[in-house]
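All of the numbers you see were taken from the coordinates with simple rules; none came from a lab. The shown structure was predicted, so the numbers you read here are calculated from the model rather than taken from an experiment. All Cβ positions, glycine included, derive from the backbone under ideal geometry; neighbour counts span all protein chains shown.
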């Protein structure tokens, strides 16, 4: 038994080493950082212990801007992308011909580099002295004014960010929802048909409750993912997100850590922990709500 | 007889309604397919427009009659795109390889071996799944900086190796291999390591391949960590390369060359995806997430 | 409500690649179910009985032919407008709804003037639930019920909208043996009480025989025989029907007619005057054997199985197609277990002769 035990731990050793050094230790450390006041990364010294880092971060206009941006992003993209993915998945499940082709196409954004495709979105929406860009061309067809979506007004920038975020998260949601829809036994639909149930009622009363655990899973992961948005914004607006007014909470953390405004791991830690607390709270609220509305078989 | 025609009428209207519905469904699906494909089309299109032609288009043209490959030459010569490629390749291959070894060993320990403290260890592993990477990145950055591992492959790779989720996924798969095989092998005097290599891994190959592919995608697209620990362009990965090109590359706004670079770094993964389509989609459906 | 099927045929496009020909699930199907009767569609799996049920309820459309409910031609009518109740093999109870919500579901689908008030719906749901004796379980979820209870809920849900026709697909196949016996009596009782014309599908001949007013025996999409269970049992039209009905199954011998005598092996077992000399199949029901030391049919004795009231004598014969011959005789009869052979005479009413090629029944007059 002793030898067996040793062997078991031996097999686990590499994983424990990696996780210990790069996950467990940092986790503890980040809390310590967040309470160390006036930490200097060069001399590795600090003045005292307290909540100053948190109060600094919470009063930093850049952080508040990032907080606002992130919340708007979450509130707009999570419901829209989930609802739209549900619509597409239901449509996809109702067809036979070309289904595989559509599925393959829809999945493409998942395997592409967020930064790279973000550049394409940027040139589609950007207005330069040479060209108004394709998006503005389309707006022009409908008689609208050309807008610079990348360096222009806040709402326009937010719009592009939301559009791109939705474009990026759709593949995962469509895939998961399609397989959930496929797992609903056809016999329920037959039973509903024999009883003269309308299409809409079948969807609301049968399909939706049956896939509710999946929908709910997507909403939770959607919230978490959107709260951690960062590279989408970088792709569209460049690395200096504070200047663009389009920073996100995660972006704020990284900027505090590194780059032109960097060198403040304590502020970064405090911001990261605030983010974690927000995500945890929202997830808990989600879980509570789901108790009432989700059917787990 | 009137009854009969009545039925035929309902039948007819039902069929017409169904056809309408079908047309709507296909219209919706096609619309979204176009939305998905358009950025890809646009990047390929722009990448084959010449610099002059692109900049003289005040109204963007939806196709070009004189495609050129000069932007690709430009992309690979004006910036070290090839270097970014090689870096990403090394990073991806080494990270995935180390992760696979660590994951397979840990999953085997949890699935097959009995040892004291196993259940407690597994609970701790599971709870680590919930830790967001943003939280640990800060200390990792400090650690790597203090170890003077910035701008090295080691610094890039080491913190990217761990993945609790894949250990969990593989453990579940390992547990489906019947116990009898293990006892039979033990009776024959097979060692644990040999059993793992000769029996478990071949049987669970589909899952292992899936995990490897998912990790490759993750590595190829990773941006945040490489950005933090590299500022020497000799160690840039493609994501950072693209970002650098965006900020300063190709002089002033050479968008066709930029798009050529974007196409070049997107192609490998798209090809990989088209080859392993079924495996990747099944793997992601089983619980992969982006990034 | 009487049901009439006229020349109904259902073809499916072939699934396997390279095969152009359609698969015919149901071929030229005609029969009439009188109002208020309980009909069993009986046959081995793949015989088209489930397809027939789907055609009746409208989930599938016939390739040709017509279906009438009463005088209404419902052939083109989609399932949702046919007003049938369907009990699925797996019951198809909605797992997220309670028993009450499940039973209410069909009522809530009604629109316009057919729609009842909330109280009326509840009243009807409880009425249906009382009929199948589950009114105590209304707030449970299906997963909290036993198989038999789920079955009852499914029947209540099918009955609650007062269907013109009730259809049941393998209603007993998911129940254990004891429950099966009980439930089939229950189905019989409910059908008698509601007087709704009912069609059910089964592969279990005993089930069909025991509760049906009429059975329809099918094979490969073709009706073999329709009739009252006892009639079909006593007068099978062909070897398939004879073999399919009865437990223990009928004993089949290869035999021949020779000069007006029926021969099994070397034994002349019955006089069958007027039949031409030919090779035939001979079917003998287990209860058609009579122990008789002077009987014409000689078999090798293997053993005795006691089945309570009756005993079954097991023996073998070179000419018999079955692995063993089972003869059922009353328990009072004495069997000498020491002997190597056993001799039977045959009850002519329990002996059927079939053409060797077509397997059709050849009637005979025995003396």
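Data table
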read-out: Estimated FRET transfer efficiency when R0 is 56 angstrom, pair residue B:59-residue C:247 (beta carbons, to 0.05); value: 0.10
read-out: Estimated distance in nm for a label pair at residue A:10 and residue C:360, the labels positioned 7 Å out from Cα along Cα-to-Cβ; value: 8.1 nm
read-out: Residue list for region A:208-229, given a label point 7 angstrom along the Cα-to-Cβ vector of residue A:75 and an amide N cut-off under 20 Å; value: A:219-229
read-out: Antiparallel DSSP beta bridges within region C:3-240, as percent of all bridges there, nearest 5; value: 50 percent
read-out: Cα coordinate range in chain A, projected on the principal axes (Å, largest first); value: 75, 75, 34
read-out: Residue B:130-residue A:94 FRET efficiency (beta carbon distance; Förster radius 25 Å; 0.05 resolution); value: 0.10
read-out: Alpha-carbon Rg/Rh ratio, for region C:3-240, with Rh computed the Kirkwood way; value: 0.98
read-out: GNM flexibility winner over chain A from A:222, A:20, A:48 (Cα, springs under 10 Å); value: A:20
read-out: Per-peptide average of other Cβ atoms within 10 Å, ordering B:174-187, A:172-185 highest first; value: A:172-185, B:174-187
read-out: For A:220-226, mean number of other protein chain Cβ atoms within 10 Å; value: 1
read-out: Ordering of B:229-240, B:60-71, A:143-154 by burial proxy (mean other Cβ atoms within 10 Å per residue, highest first); value: B:229-240, A:143-154, B:60-71
read-out: Estimated distance in nm for a label pair at residue A:130 and residue C:195, the labels positioned 7 Å out from Cα along Cα-to-Cβ; value: 8.8 nm
read-out: Chain B: C-alpha gyration tensor shape, a/c 1.5 cut-off, then a/b vs b/c; value: oblate
read-out: Contact order relative to length of region C:1-75, as percent, for alpha carbon pairs under 8 angstrom and 6 or more apart; value: 41 percent
read-out: Gyration tensor (alpha-carbon) shape descriptor, region C:130-216, a/c threshold 1.5; value: oblate
read-out: From the C-alpha gyration tensor of region A:77-148, square roots of 5λ in Å; value: 31, 16, 13
read-out: Computed Kirkwood radius, in angstrom, where 1/r is averaged over Cα pairs of region B:89-144; value: 13.6 Å
read-out: Alpha-carbon Rg/Rh ratio, for region A:124-234, with Rh computed the Kirkwood way; value: 1.18
read-out: Exercise: per-residue mean of other protein chain Cβ atoms within 10 Å, A:85-95; value: 3
read-out: Alpha-carbon centroid distance for the pair region B:256-281 / region C:163-185, whole angstrom; value: 56 Å
read-out: Scattering profile of the protein assembly as shown at q = 0.04, 0.10, 0.11 Å⁻¹ [log10 I(q)/I(0), Debye over alpha-carbon scatterers]; value: -0.32, -1.19, -1.31
read-out: Projected label distance in nm at residue B:20 and residue B:154, using a 7 Å step from Cα toward the beta-carbon; value: 7.1 nm
read-out: Average beta-carbon neighbours from other chains, 10 Å sphere, peptide A:169-180; value: 3
read-out: FRET efficiency, 1/(1 + (r/R0)^6) with R0 60 Å, evaluated for residue A:280 and residue C:21 via beta carbons; value: 0.45
